[in-house]
Amino acid sequence: MDQHSAPDIALDGITKRFGDTVAVDDVSLEIPKSSFFAMLGPSGCGKTTTLRMIGGFEDPTEGRIELAGQDVTRVPPYRRDVNTVFQSYALFPHLTIERNVAFGLQQKKVPKAEARKRVAEALELVHLEGMAHRKPNQLSGGQQQRVALARAIVNRPRALLLDEPLGALDLKLRRQLQLELTRIQRDVGITFVHVTHDQEEAMSMADTIAVMNKGRIEQLGSPTELYERPRTAFVANFLGVCNLMEATVVARHSDVVELDTADGARLHVAADRVNGSAEGGRLRVGVRPEKLRLAPVGQASGTNVLRGHVTDASFLGVMTHYVVQTAAGASLTIVAQNDGGEGLELIGPGREVDVTFSPKHCFVVEEEHDDA
Amino acid sequence: MRTTWDRVRDAALGVWAVAALVYLFVPIFIVALFSFNDNKGRFNFTFQGFTLRHWEHPFAVEGLQTAFVNSLVIAALATLIAVILGIGVALATIRYRFRGRTAIESLVLLPLATPEVVLGAALLSLFLVGGVVRGFVTILLAHIMFTLGYVVLTIRARLEGMDLHIEEAAMDLGANEWQTLRKVTLPLIAPGVAAAGLLAFAISLDDFVITNFVSGQTQTFPLFIYGAARQGLPPQVNVLAIALLLIIVALMFLNLAVQRRAGQRDAAASAVLVR
């Protein structure tokens, strides 16, 4: 990737208000060339509005939008070098598939012969070679989705904007099209900006994810970064199950920080996870369920040990889901891989257990700043 | 088991249905019948023998041709202008949120709910106060006004069922506002526009009450019939009335056929979208 060129898309302090509601609140980000960028968040978090502002369908109330270093904030959609794949596909029902895909090229006055060649290539890319002369209503939902993709990609835009493109499809088709989208992105090398509320979809496809909540970007990073080192409780919870425990800093060492939980247990957290909290500072320590280990009382060894009793154990074959209640009343979710063959008879509901985890598997999230 | 009562009820239903149809169609049949009446003298009230004479010379009565042509020209112009305005109003009120939108929506529909005499009288005093010479232009203006509501209503219904993103997609692919309207929006709302035009044409063509107030010296077909009726209607009026009826029925069937084809297309398309 060319380090010196401007990012494909840059947002600078973008805010969008609809009357009194703030849909997007001071969002700034840069999307580098040829990346697969996902905007992830619950409905109403502002991700679609942000995408629509990049596409030119909404004017930002404040802020600047740049495409390849060019200010396009007030430029209409038809003069922006990006194309959108709409959630409803928005195919032209009165035109054949071929003419749907050729629409953008015709607008750009691409010579007929070249246009025909590019349309054929685009249809081939999405495996719809034989459908050129059909009307959109003669195609299944998945096929219409591919046409929408071909219609956008055929224009070779600077970036492709995908607004929940798989939202209307069933699970099996979604998985299949997710793989195909990733392949197509790799093949054509165009920047993809993918809006979704499905964390698995975002994590499996994107190289960078912006997690959005209440119109703001909560955290931006790679899928592993977001999963292993979430900085807020929202991100931690949105990207999977997580266990959060209130704790107070009691000592700082060079490699670990020692904290006490409400029930008096001593926790050790890798020092690089705890920024700037002095002794006596209150924090929330998080651990993912698969990083926790269960052991019968007294048999546990390790730096972090929490005493509790099992309240629920469900055996799922590949793994077992445990819920453990600690002495302080916190409820921990634990996922144990079924790699040893021992199951429920060993640690069943009602049993006293020790829960252990490594300091390097902990993360620390900020206290909730509820502005409600 | 069919009881006697069932049979009686079925028969009664049949008689009732036929009676209803007769009630609806006898007047039209009489009009059609008397267009073939070989009438002697001014009156056309008793059937005196069959002739094609009036069909061969439909304009043999003085002033009838002018009135008939006036009506057609006014209806065509009013329809054209009302449809163009109506597309604009419908698009604006459905697509955009702006101050005064609800006001426009209800004001456009107000003439539909206002009694025609009231509208006609109001227009007359407006033209009198404004010193406007009444005639062709004032009739045209009045007709555009009272057909506009029907046009907006019909086109809006069509637009409401349309996915907004389709127009955004066109703009996304490089079509500006005007190209989007021409290449995407208009083709998609065409059936609604056709239906609206047909409705406006039919309403304009047979309007008497409002036209009577604002016509001045200009004659339209309904005004001519009203005037002629006092001295006995010439059979040519029947001829033209039936001819108009046939033309409008033919247009309606044409529109229906086109819409049915488009409807099948849309039903399938929306079925996929709904999933």
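The values are calculated or read from the model by the stated rules, or taken from the named source; none is laboratory data. Computed from a predicted structure; not experimentally measured. Methodologically, a virtual Cβ is constructed for each residue, glycine included, from the backbone with ideal geometry; neighbour enumeration extends over all protein chains shown. We work out accessible area using only protein heavy atoms, side chains counted, and drop any ligands, DNA or RNA first. Shrake-Rupley method; radii C 1.70, N 1.55, O 1.52, S 1.80 Å.
Projecting the Cα atoms of A:VAL193, A:TYR227, A:VAL154 onto the charge dipole of segment A:9-228 (Cβ charges, centred on the Cα centre) puts A:VAL154 farthest toward the positive pole. For chain B, the longest principal axis of the alpha carbon atoms and the long axis of helix B:136-160 meet at an angle near 50°. Evaluated with a Cβ-only charge set (Lys, Arg +1; Asp, Glu -1), chain B carries a dipole of roughly 280 debye about its Cα centre, given to the nearest 20.
Taking Cα centroids, how far is segment A:190-222 from segment A:276-331 in Å? Their Cα centres are 29 Å away from one another.
Ignoring ligands, DNA and RNA, what accessible area per residue does chain B give at 1.4 Å, in Å²? Write out the running numbers ahead of the final one.
Values: 15590 Å² over 275 residues.
For chain B, the per-residue accessible area is 57 Å².
Taking the centroid of alpha carbons for each part, segment B:82-113 and segment B:1-57 are 42 Å apart.
Here each label is just a point 7 Å from Cα along the line to Cβ, and for B:LEU21 and B:ASN255 those points are 2.4 nm apart. Per atom type, segment A:116-251 shows carbon and sulfur on 51% of its accessible surface, probed at 1.4 Å.
In debye, nearest 20, what is the charge dipole magnitude of chain A about its Cα centre with +1 on Lys and Arg Cβ and -1 on Asp and Glu Cβ, if you could check? Before the final figure, lay out each step's value.
Numbers: 42 positive and 49 negative charges, 383 e Å.
Dipole of chain A, to the nearest 20 debye: 1840 debye.
How far, in nm, would the chain grow between B:SER125 and B:VAL8 when pulled straight, counting 0.36 nm per residue and subtracting the alpha carbon separation? Don't jump to the answer; show the numbers that get you there.
Numbers: separation 117, 0.36 × 117 = 42.12 nm, distance 5.91 nm.
Computed gain between B:SER125 and B:VAL8 is 36.2 nm.
Taking the Cα centre as origin and putting +1 on Lys and Arg beta-carbons and -1 on Asp and Glu beta-carbons, what dipole magnitude results for segment A:241-366, to the nearest 20 debye?
Values: 11 positive and 15 negative charges, 39 e Å.
The calculation lands at about 180 debye.
Calculated FRET efficiency, A:GLU246 to A:LEU179, Cβ-Cβ distance, R0 = 25 Å: about 0.05 to the nearest 0.05.
DSSP beta bridges in the protein assembly as shown, what fraction antiparallel, as a percent rounded to 5?
Values: 63 of 81 bridges.
If I count the DSSP bridges inside the protein assembly as shown, around 80 percent turn out antiparallel.
Between A:LEU171 and A:SER222, what length in nm is gained on full extension when 0.36 nm per residue of separation is reduced by their alpha carbon distance? Please report the intermediate quantities before stating the final value.
Values: separation 51, 0.36 × 51 = 18.36 nm, distance 2.42 nm.
Net length gain for the segment: 15.9 nm.
By the rule of a C-alpha distance below 19 Å, with chain neighbours fewer than 8 residues away ignored, the lysines paired with A:LYS112 are B:LYS183. Ligands, DNA and RNA excluded, the heavy atoms of A:THR326 present near 10 Å² of accessible surface to a 1.4 Å solvent probe.
Candidates A:SER204, A:GLY55, A:ILE9 compared by Cα position along the dipole of segment A:9-228: farthest toward the positive end lies A:GLY55, with charges placed on Cβ. Computed from the C-beta positions of A:GLN337 and A:ALA271 and an R0 of 30 Å, the FRET efficiency is 0.55 to the nearest 0.05.
Filter the trypsin sites (Lys or Arg not before Pro) in segment B:65-136 to those in DSSP coil with at most 15 other Cβ atoms within 10 Å of their Cβ, and list the result. Could you put the intermediate results ahead of the total?
Details: sites: B:ARG95, B:ARG97, B:ARG99, B:ARG101, B:ARG134; in loops: B:ARG97, B:ARG99, B:ARG134.
Taking segment B:65-136 and a limit of 15 other Cβ atoms within 10 Å, the loop trypsin sites (Lys or Arg not before Pro) found are B:ARG97, B:ARG99.
List the pairs from A:LYS16/A:LYS47; A:LYS33/A:LYS108; A:LYS135/A:LYS172; A:LYS291/A:LYS360 whose alpha-carbon separation is above 18 Å, in the order I gave them. Provide the component values of the computation, followed by the final result.
Numbers: A:LYS16/A:LYS47 11 Å; A:LYS33/A:LYS108 23 Å; A:LYS135/A:LYS172 25 Å; A:LYS291/A:LYS360 10 Å.
Flagged as over cut-off: A:LYS33/A:LYS108; A:LYS135/A:LYS172.
Here is how the number arises for chain A: DSSP H runs of 4 or more residues each give -39500 (n - 2.57), the sum is divided by the residue count, and the result at 222 nm is -6500 deg cm²/dmol. Here each label is just a point 7 Å from Cα along the line to Cβ, and for B:ARG53 and A:PHE18 those points are 7.3 nm apart.
A convex hull fitted to the Cα coordinates of segment A:209-264 yields 112 cubic angstrom per residue. In segment A:25-60, comparing the full protein assembly with the chain on its own, the residues that lose 10 Å² or more of accessible surface at a 1.4 Å probe are A:ARG52, A:PHE57. Heavy-atom accessible area for A:LEU220, with the other protein chains in place and a 1.4 Å probe, reaches approximately 70 Å². With q set to 0.05, 0.08, 0.11 Å⁻¹, the log10 of I(q)/I(0) for the protein assembly as shown, from the Debye formula over equal scatterers at the Cα positions, is -0.43, -0.82, -1.13.
Return the average number of partner chain Cβ atoms within 10 angstrom of each residue Cβ along peptide A:87-99. Don't jump to the answer; show the numbers that get you there.
Numbers: counts 1, 6, 6, 11, 7, 9, 14, 10, 3, 0, 0, 0, 0.
That average works out to 5.
Compute the angle between helix B:186-205 and the longest alpha-carbon principal axis of chain B, please, reported from 0 to 90 degrees and rounded to the nearest 10. Tilt of helix B:186-205: around 30 degrees.
Arrange the peptides B:187-198, A:133-144 so that the one whose residues have, on average, the most other Cβ atoms within 10 Å appears first. List each step's numbers first, then the result.
Numbers: B:187-198: 20.4, A:133-144: 17.7.
Result, highest mean Cβ count within 10 Å first: B:187-198, A:133-144.
Once the Cα-Cα distance is subtracted from the 0.36 nm per residue extended length, the B:ARG42 to B:ARG95 segment shows a gain of 13.4 nm. Using θ = phi - 60° in the Karplus curve 6.51 cos²θ - 1.76 cosθ + 1.60, the 3J(HN,Hα) couplings for segment A:116-125 round to 4, 5, 5, 4, 4, 4, 5, 5, 5, 4 Hz; x is entered for Gly and Pro. Take chain A with all the other protein chains still there, run a 1.4 Å probe, and you get 45 Å² of accessible area per residue.
Would you mind getting me the FRET efficiency between A:ARG282 and B:ALA103? Use the beta-carbon distance for r and R0 = 51 Å, nearest 0.05. List each step's numbers first, then the result.
On the way: r = 57 Å, r/R0 = 1.11.
According to the calculation, E is roughly 0.35.
Let me have the 222 nm mean residue ellipticity of chain B computed from DSSP H runs of 4+ only, each contributing -39500 (n - 2.57), with the sum over all residues rounded to the nearest 500. Spell out each step's value before the answer.
Numbers: 12 runs with 208 residues, N = 275.
Computed mean residue ellipticity for chain B: -25500 deg cm²/dmol.
For segment A:1-84, the set of trypsin sites (Lys or Arg not before Pro) satisfying both a DSSP loop assignment and a count of at most 11 other C-beta atoms within 10 Å is given as A:ARG74. Between A:ASP71 and B:GLU62, the modelled label-to-label distance comes to 7.7 nm, taking each label 7 Å out from Cα in the direction of the beta carbon. From the Cα gyration tensor of chain B, with a ≥ b ≥ c the square roots of its eigenvalues, which class applies: rounded if a/c is under 1.5, or else prolate if a/b is larger than b/c, or else oblate? Cα axes put chain B in the oblate bin.
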